[in-house]
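To start, the structure under review is shown below, and the notes come after it.
The values are calculated or read from the model by the stated rules, or taken from the named source; none is laboratory data. Note that the coordinates shown come from a computational prediction; the quantities given were computed from them, not determined experimentally. Neighbour counts are summed over all protein chains in view; Cβ atoms, including those assigned to glycine, are modelled from backbone coordinates with ideal geometry. Surface areas here come from the heavy atoms of the whole protein model, side chains and all, with no ligands, DNA or RNA. Shrake-Rupley method; radii C 1.70, N 1.55, O 1.52, S 1.80 Å.
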Amino acid sequence: GFPNPLPTPRPVLNNFGTIQAISSSTTPLAFNITNSGTVLIQSNQLNCYGYEQVAGMTTVASNATLNPAGFFLQGGIMNGLGTIQGSSANGFLVSGGVMSPGNPIGILNLPNGSYTQTVSGTLNITIGGTNAGSQFSRLALSGGVLGGTLDVLFTNGFQPSLGDVYYIVSTPFFGSITGTFSQLNGLQASNGIVLVPQYQAFGVSLVAATNPVLSSLARNGSQFSFSYPTTTNLTNVLE
């Protein structure tokens, strides 16, 4: 529990090994946690003031909650199917490392506090089918700003079909997620389909489209012609 009076500055638990959190207590720990090893939140709830990860891995199981006042991911991997509760005042900052909902597939919930992914942060999404949670990953947010890298991995030999839609980032609040990913990796499937990010009022989806490869290239004097396949409801920009 809290010492009285509270220490200033707050003590820090530096983890370089393994922490397995299974306690049923919901009493906040009176210190910050800095993780460079492994933290497994396997059930119930782990409470602390601040949670910072510089390396290693944190996994939040499906029936578990990580509940820090502030969350700072600088390195390593944050994954799982549970909840990172956070604070509406401090929110979540991903300035490095990988946010990877699922283990490897599932929905990771951040129900309050703003999520900010900077240019050095990465969101990892695994796709093995068309059902959210059971077959592809999703990050469920209350709101935030997206940036940095989106990495997509197809698994179990799955290939998307034309018109498939994967809602990979979701929010229940209209217009509460802004920004775009500055780097996109792994969106081209081996069957000629490419996943196109669509930034919408309630999050981000990936739409399976025909890869617009140019063909029938020809030049006649000052005129240049070509053709390419298009996908319904998607706009192509030629530059």
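Among the residues of the range 157-167, count how many are within 28 Å of Thr118 (Cβ to Cβ) and surrounded by 14 or more Cβ atoms within 10 Å (Cβ to Cβ). Adding up the residues that qualify gives 2. The residues of the range 200-212 that are open to solvent by 50 Å² or more (accessible area, probe 1.4 Å) and assigned to a strand (DSSP E or B) amount to a single one, Gln200. Among the residues of the range 160-183, those identified as out of contact with any Ser or Thr (no Cβ under 8 Å at 6 or more places or on another chain) and hydroxyl-bearing (Ser, Thr, Tyr) are Ser161, Ser170, Thr178, Thr180. Search the range 168-199 for residues being on the phi > 0 side of the Ramachandran plot and in a loop (DSSP other than H, G, I, E, B), and hand back the single one that is surrounded by the most Cβ atoms within 10 Å (Cβ to Cβ). Across the range 168-199, the extreme among qualifying residues is Gly186. Tallying residues that are in a strand (DSSP E or B) and either of a type in the set (S, T, N, Q) or surrounded by 22 or more Cβ atoms within 10 Å (Cβ to Cβ) (or both) within the range 110-156 yields 19. Is the range 154-165 home to any residue that is closer than 30 Å to Phe16 by Cα and touching a Pro at 6+ places or on another chain (Cβ under 9 Å)? Taking every residue of the range 154-165 in turn, none turns out to be closer than 30 Å to Phe16 by Cα and touching a Pro at 6+ places or on another chain (Cβ under 9 Å). In the range 80-109, what count of residues is obtained for those that are assigned to a strand (DSSP E or B) and either open to solvent by less than 10 Å² (accessible area, probe 1.4 Å) or farther than 15 Å from Thr126 by Cβ (or both)? Total meeting the criteria: 11.
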